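Trainee: Please see the structure below; I have some questions.
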Amino acid sequence: MSEDPNDAFFPTEREEATEWLNSLLNKNLRVSVTDGRMFWGQFKCVDAESNIILHSTYEYRFPTSDQLAAAAAAVTASLAPSSSTITSSSALSDPSALSSTSLEEAYDKAAAAGKVKVDLSSRYLGLVVIPGEHITKIELEEFASQVRARNKGMGSGFHGGWRDAGGMS
Amino acid sequence: MIPDDHEAAVQRELLTLSLANNDYNNYLFGEEPAPAPSMSNPGIIATTITKKFLSACRTLETGEIVKDGYFTLFEAVGALEIGDPKMDSGCLAPGETLEETYNVNRPLSAPEVLGIIDQLLCLEMAWHLGYPLSQTILTSVYIEALVEPASATLQEADFVRNRKTPRDPMTTVLRAYCLGLVRTCADVLETIRDELYYEEEDFVTNTYRRNLMDHFDRYEIRDEILSAKHTLHGLRAKIGTDMTQALSFRLELRSAFLRALELIEDRGSPDSLQIPWYQMHSVWEAILKLPGLAKEVPEAFSTKLQRKLASSMPPRPMVTLSFDEAAKHFKKLCNDAIDAVKILDYHDSQSLLNFVFLFQAQKPQPLVYIRCLLQNLLFKDMVLLDRLSIRQVMDDDLSIVVMPAHELLDPNNDLVEAAPHSARFAMAHQMELFRKRAAQAYIDIFRVLCQNRCRVRRMLCHLIQDWEQVQLDAEDIDQLLQVQMDEKPLAYQSQTTLTLGSEPGYSLPLSSWAYLYKLRLMEWIVQLGFELEVYAPDELAGMYWYLSHLAKTRAQHVERIQAFTNHRFNELRSSSSTSHPKPIPATPWISPTQPYHPPRGWPVSISSPIAPVTTTSAAAASSSAGAGNNTSAPSAPSSTSVVTHHYSTTPEASFTRSLTYLRSTILDAAITWEFADAVSVIYTLLSRLSLITHPPRPYGTDEQRYEVRMKPFSMVSLPEVPSYQTWKGHTQGIGVGGQVQVQVQGQGDGHGDSERQQETAKQLWEFATQAVGQAKKAFVVLEGLGEREAFAGGGGGLHTFDHSATPSAAAAAPAAATPSAAAPRTAPTEAGGHGTSSSKQAQEQAHDPATGRGNHKRWMENVGRYKRSVEKAERILEQGIKKAVEMDAEGKTTEEIKKVVKVKVPRSEEVWDRGEHWWWIVPDVDLLEGVF
């Protein structure tokens, strides 16, 4: 689900941009940071430097290369799914933060085995402020039903975005 | 459609808001948050909006924000900043990994094991000193591996679970040590948690949800340690004798610590309680004799482990004590524990109070564990010192302070059945009411003294209000009781002030008792203020004056009590003189069949430090029955016969004990009063000569500051807080000497200003010198007080009973009686400084072989410090201040005087380090060299 590089606001479109940011308030965001962690929480506040305040935040840490390798090695033994797992292929969609040779090997192994499930370690943090300088990626969470509704052309609202949403599902 | 969408959005918003609040509260109150939402829910789709979002933010102007209307920036202050290493516990430095890579299964050499153990010892001590576990022993990779996850059996508890190959012998040693360490921490923690302490201020009890093995029996762990020692000795040839010894000592230390904790919990015999502490102390000596064998293993400790603990706190640095420092603290811990355990050696209530008071007045103060241990020994299950009910100690105290051999304290009163018109029944009833009323305030004194010094002062300020109330209630009870006892009022003459007690009065023993305590606590509050440096140098004159005012009030009050006690003593002697031509001070026996039957004391008489086992069980039984003070040991028929020989305190002995106490209290109060007067005048003098400067204080007046200083006392009706005018007058050196009395009574305002300035610097100097002289003379007497006279009995090492105290008090009673029989005659004059006759006796007492034991030793040290303070005051008056006063009289300016005389107000620590008492901040007044 790559983002359309053209879908951005020009500095002159201040009103629209503010309106769009306002529409995101209290929605759940997933914010990834430079050290590879991801934070999930309710969007509460942002400023010009993109310092984001998230409420009721959980910290997610992607498996380390060792863990991933171990899991990949064990993948043939068991493929039982569990609720608190994540498929490595989707979780590691942004490998830039975690690039290392062993990790890539793990990927390869995982790819060879089809699917590897590794626990995503998480921790409750509460209220956090994420300085804009650390942010590598921001994702907006929506219910699948909402996305579908919008794709049908309903409630597209005040922004012309979501062009790539169609290709997602 | 759009409205629908909006509605849904609003609803969602409200929903999330209320949820958010809950979450926030959870976060605040440390409750478990909801489990983390799964990232792979098919119903939820995540869309990447990075670029759009960032570009949208860039359109905002600096300082402009987009925020939820219900979200306040005030809340935002509490947000954790991601990426800030001081706040974000998950933040990793570039290249840093979250997981610790140390392999706990790697083979260890003996020096490495020793190094790890020594580091653990340092960390353990740091924990005792108040740092959290997370910064101390939970930074050890080995400890973490051992306790997490928690193991069900002791065998399972290992650094590596389900190991396939047998454990390496060195790892066995380390494992045994770690097991012992973790278990002792659990016990220490429990002891502290059970008592009054201040979280974060004294100690951090957080275990971060780590299990500290308190589900394993201590003996099992000690078995592990023992078998590890066997393993170790098998290696002797390989690792060398010294190394074997060094490791073995450390294992022994653990084992002894566990034993010590076990004994405290099981309440083994008091004698045995201190044995493991002695052991630990000597093991430490042995450990320190084998230095330089250890090899440090810094990689076995990591602050990264803190990220796994149940805490949102980011990793904080490990607290590192040097090994020598840790050893010093550890040895002090052992010594203090040995001393603390001696509290079980009970002599009398006043000795007990002195014990706690002096034990806690050490510097550095005993560690929080020791302070909690002391509380545990004192109050566990509301049984005092494991064998006394609160009532027993309180009655003992009442009999020492105000009511020796008094019919109100006769335990037989309890046996009188409920008969509305029986005086004895009424007495028992009223006394019970009083005990219930006063017990808490009484017990609190001990509890408060076990806190850290700042808390002691703070809590005493609250406690005096309780005592104020106790005193008021006691007055009502006194008035009811004096009717029941058909008491006659008595007029007495005060020796201190040489004034006749205004009108004949009643003895009011219970409220007198409460008043005396209140006065004592008030003095402590002021004096702790000096110790804790609450007052600025230019306030010292006023505060020492107030101290002297309080001490004088106490002296007068004790004199009043003494007058009534003497009166009753004389009555007793004249009634017994019908059978004896001359009253013999020792033991005129009053047969129990006589109608007036004073109690013969409690099983805890002055001479029976530890009651036999049967008494202990009786006392325990009596306290376990009901509220603990409803019944008493002697009323239980079964125990009466057993404890009879402990009743050996006759009414005479009881009176002598009480009069001894009153005498030493007057002495103490008189010294405090004289010396406080002297110090106050010294400061007044220095400030009049402008040798102590008043810093500019543009935001307040002296009067406001005075109000603040007196705030703790403003709730107390008696003694009344002096008016600001009176106080001000005294700090300016008006009305010292003869006029003090007049001013205290609140007539100071009547003096004209012209009259006020009459005291010259010279007169002030003379007055101070005189007061110091008086204090010093009185000190000679005080110094000579023996263990019993000073009420510093007990605490002398439990194993010394057999030869230091005879079971039959008949032998001990005369010894105590001899000096104090003379007390009623000599005491008042001693206050004036002529204590020669009794000081000789006191000197003899000082050579008593029992002198210098535990409690009394600390008392002597305390007196020694006092004395050095007095001597210093005398010295500066004789030299520096004298010179300054002379120069002032010659008309020299302040600048000129300053060139010759250097004045400095020392910090209370300096005062302590010089061996003086830090309740007496005597200024440094030095003559600069080359002047003469």
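The values are calculated or read from the model by the stated rules, or taken from the named source; none is laboratory data. Bear in mind the structure is a predicted one, so any value in this text is a computation, not a measurement. Cβ: placed from backbone, ideal geometry, glycine included. Neighbour counts: every protein chain shown.
Trainee: Exactly one of (1) touching a Pro at 6+ places or on another chain (Cβ under 7 Å); (2) not in a loop (DSSP other than H, G, I, E, B); (3) not basic (Lys, Arg) is unmet by residue B:443. Its number?
Mentor: Condition (1) is where residue B:443 drops out.
Trainee: State whether the residues of region B:414-421 include one that is within 20 Å of residue B:389 (Cα to Cα) and either part of a helix (DSSP H, G or I) or in contact with a strand residue (DSSP E or B) (Cβ under 6 Å, 6 or more places away or on another chain) (or both).
Mentor: For region B:414-421, residues within 20 Å of residue B:389 (Cα to Cα) and either part of a helix (DSSP H, G or I) or in contact with a strand residue (DSSP E or B) (Cβ under 6 Å, 6 or more places away or on another chain) (or both): present.
Trainee: Of all residues in region B:447-467, which are surrounded by fewer than 20 Cβ atoms within 10 Å (Cβ to Cβ) and under 17 Å from residue B:354 (Cβ atoms)?
Mentor: The answer is B:447, and nothing else.
Trainee: Tell me which residues, restricted to region B:877-917, are surrounded by 14 or more Cβ atoms within 10 Å (Cβ to Cβ) and in a loop (DSSP other than H, G, I, E, B).
Mentor: Of everything in region B:877-917, those that are surrounded by 14 or more Cβ atoms within 10 Å (Cβ to Cβ) and in a loop (DSSP other than H, G, I, E, B) turn out to be B:892, B:905, B:906, B:914, B:916, B:917.
Trainee: How many residues, within region A:3-23, are more than 7 Å from chain B (Cβ to nearest Cβ) and either crowded, with 21+ Cβ neighbours inside 10 Å or in a loop (DSSP other than H, G, I, E, B) (or both)?
Mentor: Qualifying residue count for the region: 4.
Trainee: Exactly one condition in (1) in contact with a strand residue (DSSP E or B) (Cβ under 9 Å, 6 or more places away or on another chain); (2) surrounded by fewer than 17 Cβ atoms within 10 Å (Cβ to Cβ) is false for residue B:296; which is it?
Mentor: (1)
Trainee: Restricting region B:916-932 to residues that are aliphatic (A, V, I, L, M) and over 35 Å from the mean Cα position of the chain (by Cα), which is modelled with the lowest pLDDT?
Mentor: That would be B:931.
Trainee: So, in region A:33-48, of the ones that are at the interface with another protein chain (Cβ under 7 Å from one of its Cβ atoms) and part of a loop (DSSP other than H, G, I, E, B), which residue ends up surrounded by the fewest Cβ atoms within 10 Å (Cβ to Cβ)?
Mentor: Filtering region A:33-48 for residues that are at the interface with another protein chain (Cβ under 7 Å from one of its Cβ atoms) and part of a loop (DSSP other than H, G, I, E, B), the one surrounded by the fewest Cβ atoms within 10 Å (Cβ to Cβ) comes out as A:48.
Trainee: So, one more: Filtering region B:54-74 down to residues that are more than 7 Å from every other protein chain (Cβ to nearest Cβ) and not in a loop (DSSP other than H, G, I, E, B), which residue is surrounded by the most Cβ atoms within 10 Å (Cβ to Cβ)?
Mentor: Ranking the candidates gives B:73 first.
Trainee: Something else about it: Would you pick out the residues in region B:89-100 that are more than 8 Å from every other protein chain (Cβ to nearest Cβ) and either closer than 15 Å to residue A:132 by Cβ or among the acidic types (Asp, Glu) (or both)?
Mentor: B:96, B:100 - these are the residues of region B:89-100 that are more than 8 Å from every other protein chain (Cβ to nearest Cβ) and either closer than 15 Å to residue A:132 by Cβ or among the acidic types (Asp, Glu) (or both).
Trainee: Can you confirm whether region B:526-533 contains a residue that is β-branched (Val, Ile, Thr) and in contact (Cβ under 8 Å) with a residue 40 or more places away in the chain? Break it down stepwise before answering.
Mentor: So the first thing to find is which residues in region B:526-533 are β-branched (Val, Ile, Thr), and the list is B:526.
Restricting the remaining residues to those that are in contact (Cβ under 8 Å) with a residue 40 or more places away in the chain gives none.
Checking region B:526-533: not a single residue is β-branched (Val, Ile, Thr) and in contact (Cβ under 8 Å) with a residue 40 or more places away in the chain.
Trainee: Run down B:398, B:378, B:333 and say which single residue is modelled with pLDDT of 95 or more, surrounded by 21 or more Cβ atoms within 10 Å (Cβ to Cβ) and in a helix (DSSP H, G or I).
Mentor: Within the list B:398, B:378, B:333, the selection yields B:333.
Trainee: Between a first residue in region B:686-710 that is under 18 Å from residue B:921 (Cβ atoms) and a second residue that is part of a loop (DSSP other than H, G, I, E, B) and of a type in the set (A, V, I, L, M), which pairs have beta carbons less than 6 Å apart while being 6 or more apart in sequence or on different chains?
Mentor: Final answer for the pair search is B:686/B:692.
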